[in-house]
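Colleague: Sharing a structure here in C-alpha cells format.
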Amino acid sequence: MPRSGRALKAYREKRDFRHTPEPRGAVAKAKGNSYLIQKHDARRLHYDFRLELDGVLKSWAVTRGPSLNPRDKRLAVRTEDHPLQYGEFEGIIPKGYGAGTVMLWDQGTWHPKGDPQEGLRKGALKFVLRGKRLNGGFALIRMRKKGDKRENWLLVKERDDEADEKHDPTKQWATSVVSGRSLDTIAKHGATLDKNDRVSDAAPMTPARKKSAQNSHSCRRSSRLSAMSLPPVVTSCMRSSSTAIASSPWSEGTGCA
Ligand code: MN
C-alpha cells in the first residue's frame, strides 16, 4: 500500500468517497511544520490540536484547550491523522457526526525537540510552538493504562519565558485568528467566502458545486490549503456518522476532528 494510504487509513475509513467529494487525502510531499488549533463547538466543546508531520496533520482533541500554566495537564485524546487541507477549515459542520461550529483559533509552526517520529512512538513529544497566540515549549505525554481504547495524552506547557500562570489563553482569545469572528458569527454565517468561491458554505451541495469541489482537490494541490477545500470537508462530516466509533464518548465531540 502506498505511504499515503497507510497514513490516512483511519481518515478514509470514516468517510464514504462514493458520496463525498472530499479528497481521499493523499499525503503531501512537501515537508512542512505547520501547527494549528481549531476550536470546535461540537456536542462537547474542544480544541483540535494539530501538528504537521510527514505530510499529514497529527491530531489531538483537547477538551479544555491549551494552558500556559506548566502545572496544568490538559487531556489530549489522539484522533486520526488529517490531510493538510483540513487545516484552513473554519465554518459549520452540519447535523451529523461532529456537528457544530469550527473556528481557527491559532496558526503557526512547530519545532520538535529531538526526533518527532520517535517522540510520537515513545509517547513523549516535546516541541516549541511559534504561533500567533501560543508560543514557547510544550510537551505531549502519552498516558498508558491497561484497557485504554483511546490514546490519552497530556498537553503540558514547559517552564520558560512564555509560561504564564495568570492568563488563560482560551479566555484571552475568543475570536478567530484568521477572520476575527466569534463562534456565534461563524455559526450564523458559516465559512468565510473566498473571492473565487461565492457559494455559501451553508448552501446545499449542488451537483455542479460537487464537481467544482472535486476538481479543486487534485493530489497536486493537496499540499497547500485553500478556501475551496471547505465544502468537501463539510460534506464528509455529514457522511461519516454511520462509521463513527460507537464505543468512544468522543465520537461526536471529535468527529471530523
Ligand atoms: Mn473536533
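FYI, it's all coordinate maths here, none of it is from the lab. Here the structure is a predicted model, which means the values were calculated and not measured. In this analysis, Cβ positions are derived from the backbone assuming ideal geometry, glycine residues included, and neighbour counts consider all displayed protein chains.
Colleague: Pairs of alpha-carbon atoms within less than 8 angstrom and 6+ residues apart define the contacts here; what relative contact order does region 61-170 have, in percent?
Modeller: 33
Colleague: Further, regarding this structure: Less than 20 Å apart at the alpha-carbon level, and either on another chain or at least 8 residues along: which lysines does that give for LYS146?
Modeller: Here the lysines satisfying the reach criterion relative to LYS146 are LYS122.
Colleague: If you don't mind, another one. Give, in nm to one decimal, the length gained when the segment between THR185 and LYS95 is fully stretched (0.36 nm per residue of separation minus the Cα-Cα distance).
Modeller: Roughly 30.6 nm would be gained on extension.
Colleague: In straight Cα distance, which lysines are under 18 Å from LYS188, not counting same-chain residues fewer than 8 positions off?
Modeller: Partners found: LYS39, LYS95.
Colleague: Net charge near TYR35, counting Lys/Arg +1 and Asp/Glu -1 over other residues with Cβ under 12 Å of its Cβ?
Modeller: That works out to +2.
Colleague: When Lys and Arg each count +1 and Asp and Glu each count -1, what net charge do the other residues less than 9 Å away from GLY65, Cβ to Cβ, add up to?
Modeller: Around GLY65, the charge tally is +2.
Colleague: Express the C-alpha Rg of region 34-182 as a ratio against the empirical globular expectation 2.2 N^0.38 Å, rounded to two decimals.
Modeller: 0.99
Colleague: On full extension of the chain, what length is gained from GLU13 through MET143, given 0.36 nm per residue of separation minus the C-alpha to C-alpha distance?
Modeller: 44.2 nm is the gain from fully extending GLU13 to MET143.
Colleague: OK, next. Could you list ARG12, ARG121 in order of exposure, starting from the residue whose Cβ has the fewest other Cβ atoms within 10 Å?
Modeller: ARG121, ARG12
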